[in-house]
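Each remark here refers to the structure printed beneath this line.
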Amino acid sequence: MAFLVLGANSVSGYTVKNSLRFNSGSSDYLNRTFSTSGTSAYIATISFWIKKAKLGSSQFIFGTFAGSPSVYSNDLYFTSSDTLEFDFGNAAQYALVSTQVFRDVGAWYHIVIAIDSTQATAANRVKMYVNGSQITAFGTANYPAQNSVLMAFKNSNANSIGAAWNAGGPIDAYMSEFINVDGQQLTPSSFGQTDTDTGIWIPKAYTGTYGTNGFYLKFANSASLGTDSSGNGNTFTVNNLTSIDQTTDTPTNNFATMNPLNNKSTSGSGTLTEGNLQVSYSGGLFQTNATMAVNTGKWFWETKGVSNMQQGTVGARIGFLVQDNTGYTNQYFEGACIFGMWWHPTVGIYTCVGTTQTLRSSTLTYTDGDIIGIALDLTNNISYWYKNGTLTYTYDFSALVTIGSYFMCASLGNGSGSASPVYQLNFGNPPYSANSYQDANGFGNFSYSVPSGFYSLCTKNLSLYG
């Protein structure tokens, strides 16, 4: 399967090491009040990278409230239609709303908001860019009046990142390289460039000045995630975020997560949280697949059973399956799939070919708190199944293999009784405390040793082995 690999061979050689994972369920956000208008009350550039985790809801990237005049604010947020809106004025009196939608939960976006309200031409007062290209198509385009005062990160105003100024509308997303440049209206080329090998927009180091209220949040200090690295000391207060929310899923090495756009369901339902790494199920059959697929190489990931793994007779399932464009339309672990394997917590490990399910091992179980590791060898078509770091089962599926794309999956299967299992998936950036085991390339954070020759599912590794 061909992949567009973000940051795998960066012409700049610049590596972004960390991002911060925001989860709306725990109301994660950063906040700071600035004491002055800074270098300029009218001019600034805000640059950041973001990977969305939730669709179809209003979610704030940052928000500012001045208090006077009433409801005077600068806000940037994804709307419930997944468009991007920037408000500059009283009750969104001045607003820019893109026609472009942002629905790719597996990719990093670079967004730049470049502001200079002193400009005579209205369209030059606020410029919005995504991945190096200026947004020019707007469903709403009400530019601020000339010399409108900029509220964001100024003048004793309440500022939040990851939520509105009052902590409302928290976002589900990963954010990285959050920069505010006070007093300059810059272009995206100050923060990124096109990779000549792939044609992909990638980060580069910002080397300019920041201005008085400028800051650079690179989320590198797990003990102080709001630390400003610009030299200005404009550090943000951390709210509800912990060291577990610091990740290595970045715009120069993108990791797999679970994909809300690739769910399979009949009567069941599922909810993805914690950066699409926690999956909660209820009801009948429901399955979620990962954002990345492979058809060659050797790959390793872990799944933690959080709660209700063995509830009712339904039970949870974790494993992998094959999808292509010509096979079954309902590609579940149970029902119909081209080829798949899964571990049922009370029954054992199954294979499935078409609609034929075969129990391969009936003595293996797992429950809440157990961490299941799966090592998938697509070079030799062998799968290895681990429980809390111990190899418990090996299966050679060469005779069953079908050409296609292999997805890592989690599901709630068919059966009687109620079930509401909760999983946490770990492709290298766990939503729980792990033990810092990495693959041979130094990627990932796993609870147990990565088997020799196997790798975490990220774009750096995909560029080498995928």
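Only the coordinates and a few stated rules stand behind these numbers; no lab work does. The structure presented is a predicted model; accordingly, all values stated were derived computationally and were not measured. All Cβ positions, even for glycine, are placed from backbone atoms using ideal geometry, and neighbour counts span all protein chains on display.
Each Cα pair under 8 Å and six or more residues apart adds its separation to the average, and for the range 19-247 the resulting relative contact order is 30 percent. The tail of the calculated P(r) for the range 19-247 beyond 26 Å holds 29 percent of all Cα-Cα pairs.
Neighbour counting of Cβ atoms within 10 Å sorts the residues TYR350, TYR406, fewest neighbours leading, into TYR350, TYR406.
Working note: 222 nm ellipticity from helices only, DSSP H runs with n ≥ 4, each -39,500 (n - 2.57), summed and divided by the residues of the chain, gives -500 deg cm²/dmol to the nearest 500. For the range 364-456, the fraction of C-alpha pairs more than 19 angstrom apart is 50%.
When the Kirkwood radius is taken over all Cα pairs of the chain, what Stokes-Einstein diffusion coefficient follows at 20 °C and 1.002 mPa s, in µm²/s? Result for D is 93 µm²/s. The alpha-carbon of LYS154 sits under 14 angstrom from the alpha-carbons of these aspartates and glutamates, leaving out residues fewer than 8 places away in its chain: ASP75, ASP182. Projected label points at THR363 and THR390, each 7 Å from Cα along the beta carbon direction, are separated by 1.2 nanometres. Going by neighbour counts of Cβ atoms within 10 Å, the residues ARG125, ARG32 line up, fewest first, as ARG32, ARG125. Suppose R0 equals 25 Å; then what is the FRET efficiency for THR212 and THR187 from their Cβ-Cβ distance, rounded to the nearest 0.05? Here the calculated transfer efficiency is 0.70. If you take all other residues with their beta carbon under 15 Å from the beta carbon of LEU464, and give Lys and Arg +1 and Asp and Glu -1, the sum is 0.
Based on Cα contacts under 8 Å between residues 6+ apart, the range 162-207 shows a relative contact order of 22 percent.
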